[in-house]
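The values are calculated or read from the model by the stated rules, or taken from the named source; none is laboratory data. These numbers were taken from a predicted model, which means no experiment stands behind them. With ideal geometry, Cβ positions are generated from the backbone for all residues, glycine too; neighbour counts draw on all protein chains shown.
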Amino acid sequence: MVIFNNFMGDDFGANRLLFYKGIFKKGTKMKKLVLVLIIITFVSVNMLGCAPLIIGGAVGALGGYAVSKDTIQGETDKSYDRLWEAALTVSRIRGEIKYEDKTKGYIELEAESSKVYVRLIKLTVATTRLKVSARKYHLPNLGLAQDIFVKIMEQER
């Protein structure tokens, strides 16, 4: 220790050496804090990205899956016309229909303070895709989308 102190000139020489080497620089505490916050944010966003898959797993029995944070989608062998009628019935029960177009397969409604979009796409003669999206105050409402998707599929049975 004596040699080290003689080299640096005082007892605090080790700290000066570390500062000199760049290990501890001024403002690194703030940099570390920002880095930790960025990492926490990144991990949180990635974990939230898995939520639609976890919630969508409950719809798996009906052939549906989460496409995004606000959309449930599934294919069914039910006819387009029967599925359209089921979608209209459930939409009228759950909220107020703002727009509907059978030829485009599109229903827009307002339910539980959320905007809900129901889309039917005829894939083949025997297969129809049902896609339900829901947003509340511009934020995803996957729970409502899942609920409406399940109700439409059950209504058609």
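Here is how the numbers come out for the structure above:
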| quantity | calculated |
| --- | --- |
| Total residues in region 89-126, condition out of contact with any Phe, Trp or Tyr (no Cβ under 8 Å at 6 or more places or on another chain) and over 26 Å from His138 (Cβ atoms) | 6 |
| Single unsatisfied condition, Ala134 versus (1) of a type in the set (Gly, Ala, Ser); (2) more than 13 Å from Gln73 (Cα to Cα); (3) not in a loop (DSSP other than H, G, I, E, B) | (2) |
| Per-region count, region 86-101, residues charged (D, E, K, R), surrounded by 14 or more Cβ atoms within 10 Å (Cβ to Cβ) and over 25 Å from the mean Cα position of the chain (by Cα) | 1 |
| Qualifying residue in region 106-125 (condition: assigned to a loop (DSSP other than H, G, I, E, B), within 14 Å of Ile152 (Cα to Cα) and not basic (Lys, Arg)) | no |
| Pick from region 55-85, criterion within 21 Å of Arg135 (Cα to Cα), surrounded by 15 or more Cβ atoms within 10 Å (Cβ to Cβ) and among the hydrophobic types (A, V, I, L, M, F, W, C), ranking: modelled with the highest pLDDT | Ile72 |
| Boolean, Tyr117 is without any contact (Cβ under 8 Å) to a residue 40 or more places away in the chain and either crowded, with 17+ Cβ neighbours inside 10 Å or among the small types (Gly, Ala, Ser) (or both) | yes |
| Test: residue in region 139-156 that is surrounded by fewer than 16 Cβ atoms within 10 Å (Cβ to Cβ) and assigned to a loop (DSSP other than H, G, I, E, B) | no |
| Scope region 103-114; condition of a type outside the set (Asp, Glu) and surrounded by 14 or more Cβ atoms within 10 Å (Cβ to Cβ); matching residues | Gly105, Tyr106, Ile107, Leu109, Ala111, Ser114 |
